Every structure is written in structure tokens, then in C-alpha cells.
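Only one structure is covered here, and it is reproduced in the block below.
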Amino acid sequence: MVVIVDYDAGNVRSVQRACSHVGLDATITSDPEQVLAADKVIFPGVGSAASAVGTLRERGLDEALKAFYAKGNPLLGICLGLQIALEHTQEGNEQCLGLIEGACLRFDPKDKLMKVPHIGWNQVTLVADHPLLKQVQSGDEFYFVHSYYACPGNPAEVFGTTDYGGVEFASAIGKDNFFATQFHLEKSGEFGLKLLSEFVTWQGGSC
């Protein structure tokens, strides 16, 4: 069973439709027991990390996600799902899930003509191989919507980077059975679907 975590942070239906497009039958749920019982979990999101973390805690989904990750089953984060997986975010000064060492910082572009949030298509530069990136090449463009960016503590857990306004940030990160993208797979057309299609057979790990 594949589940998409619903915590009132974005259009989970669009993620479900993208899953269907690549042959992945995914169920939307806000039930922590269903999350724990799943074979694979997709953790998407868009919006405020501060309010999202609060909702996760209220529903017991924070502990469910930590426990699911500890089981070693494949876990895919998208956008806000990537940010909340880190230890801390400047947005609301919130402690997050801590699946990966690091924090999220607010954009302060060196190029002051670049507006925040970062919205639109941008290139991803691959810096390491990963099974979910087999069909992606450096320079492929994906769709972004975010005001904060990830700063993982371990460079070895960064698989893709992107530049916005002179700020280079981690746009694809992973550790063991967890992988996450700052860009929206479900809004990134062909390349987003290619990455999502690899999740169908991925069993966890970076090899």
C-alpha cells in the first residue's frame, strides 16, 4: 500500500493524479495508523512550515512519519515535505522531524531584483547519483514554489542543487530510505513524472 500524507498543506489530489499517471495506486490519508502500515509513503506539501508542523503534531503524523522512516520503508518528500524533514526551520522558528541533519533558511538573494518566494521553472544540477534520478540529467528544469531553502548538515546527503538569485541551495536530498525534492514533482511535467516513476520500484537506499 502506498499512501500520500494529508495534513492540510497543499493539493494532495494533484500528487495522487501524478501517481496514477505512472501506475502507482496511492491512497490519501491523515490517519497515522495507515501511514505506519504503508509499504511506501509520499509526504508532499506547500505553504507555511510553522502551521504544517502544528497540524502534523495534532494528528500524530509527526511520530508516525518518524516511525515509518525508522522501519526502512521508502519515504518520498516533496517541497514542504523536504523542509519539514530537517531538524529546524527559520519559518516560525520551529523544530521539525529531524530525519536529516540541517535547517531551512529564508531566501536572501544576492541579486535584489530576484523576488521571494522563488516561483517557476529552474534548473537542477546533479551532484551525486541516486536511483530516483536515473532518468534525470543536470540542467533539467523543474517547478519550484518556496520562500525557504534547505541547508543539510551533511554534504553527502545532497543529490541536486539549484541557484536562485546567487543562492545555491539543495533541491534534492536523501538519506537511506528517505529522498526529497524541493521542486514539485506533480507540477514538473515529463521530468517530474520520470522521477516519480522510479519511486514505483525503489526499495530504499542510494545505490
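Bear in mind these aren't lab numbers, they're just calculated from the coordinates by the rules spelled out. This is a predicted model, so every value here is computed, not measured. Here the Cβ positions follow ideal geometry from the backbone for every residue, glycine too, while neighbour counts run over all protein chains shown.
Would you please name the residue that is nearest to residue 200 (Cα to Cα), looking only at residues in region 29-73 that are hydrophobic (A, V, I, L, M, F, W, C) and surrounded by fewer than 16 Cβ atoms within 10 Å (Cβ to Cβ)?
It comes out as 37.
Checking residue 21 against (1) within 28 Å of residue 119 (Cβ to Cβ); (2) in contact with a strand residue (DSSP E or B) (Cβ under 7 Å, 6 or more places away or on another chain), which test does it fail?
(2)
Of these, 103, 150, which one is part of a strand (DSSP E or B), under 16 Å from the mean Cα position of the chain (by Cα) and within 26 Å of residue 16 (Cβ to Cβ)?
None of the other options fit; the residue is 150.
Between a residue in region 120-136 that is closer than 9 Å to residue 160 by Cα and any residue that is surrounded by fewer than 17 Cβ atoms within 10 Å (Cβ to Cβ) and among the small types (Gly, Ala, Ser), which pairs come within a Cβ distance under 8 Å, given they are 6 or more apart or on different chains?
Taking only residues 6 or more apart or on different chains, the pairs are 124/138; 124/139; 125/138; 125/139; 126/138; 128/156.
Starting from region 168-182, take each residue that is among the charged types (D, E, K, R) and list its partners that are in a strand (DSSP E or B), counting only C-beta distances under 9 angstrom and pairs at least six apart or across chains.
Qualifying pairs under 9 Å: 168/125; 168/161; 168/162; 175/152.
Got at least one residue in region 47-56 being closer than 16 Å to residue 145 by Cα and not in a helix (DSSP H, G or I)?
yes
Limited to region 8-18, what total is found for residues that are assigned to a helix (DSSP H, G or I), surrounded by fewer than 23 Cβ atoms within 10 Å (Cβ to Cβ) and of a type outside the set (Gly, Ala, Ser)?
Matching residues across region 8-18 total 4.
Tell me, yes or no, whether region 105-114 has at least one residue that is within 26 Å of residue 206 (Cβ to Cβ) and free of Cβ contacts under 8 Å to residues at least 60 places away in the same chain.
The initial filter retains those residues of region 105-114 that are within 26 Å of residue 206 (Cβ to Cβ), namely 105.
With free of Cβ contacts under 8 Å to residues at least 60 places away in the same chain added as a condition, the list becomes 105.
Looking through region 105-114, at least one residue is within 26 Å of residue 206 (Cβ to Cβ) and free of Cβ contacts under 8 Å to residues at least 60 places away in the same chain.
Does any residue of region 51-62 turn out to be among the β-branched types (Val, Ile, Thr) and in contact with a Pro (Cβ under 8 Å, 6 or more places away or on another chain)? Give the derivation first.
Taking region 51-62 first, the residues among the β-branched types (Val, Ile, Thr) are 53, 55.
Filter once more, keeping what is in contact with a Pro (Cβ under 8 Å, 6 or more places away or on another chain): none.
No, region 51-62 has no match at all.
What tally of residues in region 165-207 results from selecting those that are part of a helix (DSSP H, G or I), of a type in the set (Gly, Ala, Ser) and surrounded by fewer than 21 Cβ atoms within 10 Å (Cβ to Cβ)?
Let us first name the residues in region 165-207 that are part of a helix (DSSP H, G or I), namely 185-187, 189-199.
Checking the rest, the ones that are also of a type in the set (Gly, Ala, Ser) come to 189, 192, 197.
Filter once more, keeping what is surrounded by fewer than 21 Cβ atoms within 10 Å (Cβ to Cβ): 189, 197.
The number of residues fulfilling the criteria is 2.
Checking residue 162 against (1) more than 16 Å from residue 204 (Cβ to Cβ); (2) not in a strand (DSSP E or B), which test does it fail?
(2)
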